[in-house]
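Every read-out reported here was derived from the displayed coordinates using simple, explicitly stated rules and does not represent laboratory data. Bear in mind the structure is a predicted one, so any value in this text is a computation, not a measurement. Note: ideal-geometry Cβ built from the backbone for every residue, glycine included; neighbour counts use all protein chains shown.
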Amino acid sequence: MNDDARRTTRPGHRITALLAILLAMGSSGAIAQVTSNGTFNVNVNLTPKCEIFTDSGGSVTTIADVPTMSYTSFQINAVTANTSFKVRCTKTLGYGLALDTASYTDGKTGLLIDLALSNSATPSATPNKQLLALAGNGNAGQSYWVHGTIAANQDGTSTAGAANTLRTLTITY
């Protein structure tokens, strides 16, 4: 049989040889894997906020009342009481707290009552209606107190009148 006849009768040998050559080329690095990368933005709009909240995490609009302060006319010692609350603000968000007044005369008893905002359970010696330049710390929140003080040596009044007891706390951010 001549060479041409053998080639036409055995085509599988040519294919095998061609595959062997291609595999050898691939192992030498002639064929490389190609990758491509793309970039994109993820846009987020955050609305920062502050709120008064409870330890269980719920937002509230009412702070617990300052407990009743019992006072006897002309007494020689001041009377104090306080209530606490928590504020949580978006992390690093600047905010301030302000009471509507630092001192007022109670419309029912005629006693002068001083109020002080504080970040401490210890009452302040002077009325303080605001705390400024505060910064939010997120979900943990921060504790604050409102201290009420009736100074010593007040007489008061026994006349009936409308009580002036509701106070407002404002958070500005």
Within straight cross-link reach of LYS86, meaning Cα distance under 22 Å, which lysines are found once same-chain residues fewer than 8 apart are removed? LYS49, LYS129
On a full-extension model of 0.36 nm per residue, what is the gain between ALA81 and THR165, subtracting their alpha-carbon distance, rounded to one decimal in nm? 28.8 nm
Remind me, what semi-axes does the range 38-77 give for its equivalent ellipsoid, largest first in whole Å, using sqrt of 5 times each Cα gyration tensor eigenvalue? 51, 11, 7
So what's the net charge close to SER103: Lys and Arg +1, Asp and Glu -1, counting the other residues with Cβ under 12 Å from its Cβ? -1
For the range 81-155: span of alpha carbons on each principal axis (Å, largest first): 47, 20, 20
Between SER120 and THR62, 0.36 nm times their residue separation minus their Cα-Cα distance comes to what? 18.9 nm
